[in-house]
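These notes concern the structure reproduced below.
Just so it is clear, none of the values below were taken in a lab; they were calculated from the coordinates. Given the structure is predicted, the values throughout are model-derived calculations rather than measurements. Please note: Cβ atoms are built from the backbone with ideal geometry, for glycine as well, and neighbour counts cover all protein chains shown.
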Amino acid sequence: MKTKKVRVNLENGLDVRPVALLVQEASKYDSTIHILVENKKVNAKSIMGMMSLGLNNGEELEIAADGCDEEKAVDGIAQFLSGK
């Protein structure tokens, strides 16, 4: 399992469009990917789950991936959330 803490650096945080793009990014990978914020753990491939987090710009979260491409998955999602 690979984990990484990142800070959301998206102008409007994770509203509808960025969440859809994040789910598309997460779906590229075979690994199981979760976003952890405080005491919540959400499947990064679930639009409804990701929307339920209501993350704003500047908030910190943890990405956790487990599977054959876990390192690429964590790095790809971290890059997306960092606004790069």
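Test ALA20 against the criterion of being closer than 17 Å to GLU71 by Cα and in a helix (DSSP H, G or I), and give yes or no.
Working: closer than 17 Å to GLU71 by Cα: no; in a helix (DSSP H, G or I): yes.
Here the answer is no, as ALA20 does not meet what is asked.
Can you find, within the range 39-71, the residue that is surrounded by the fewest Cβ atoms within 10 Å (Cβ to Cβ) among those that are in contact with a Leu (Cβ under 9 Å, 6 or more places away or on another chain) and either free of Cβ contacts under 8 Å to residues at least 12 places away in the same chain or at positive phi (or both)?
GLY54
Table: residues versus (1) more than 10 Å from the chain's Cα centre (by Cα); (2) within 19 Å of LYS5 (Cβ to Cβ).
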| site | (1), (2) |
| --- | --- |
| ARG17 | yes, no |
| LEU22 | no, yes |
| SER27 | yes, no |
| ILE33 | no, yes |
| LEU53 | yes, yes |
| ASP66 | yes, yes |
| ILE77 | no, yes |
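Among (1) under 12 Å from the mean Cα position of the chain (by Cα); (2) surrounded by 15 or more Cβ atoms within 10 Å (Cβ to Cβ); (3) outside any loop (DSSP other than H, G, I, E, B), which single condition is THR3 missing?
Every listed condition holds for THR3 apart from (2).
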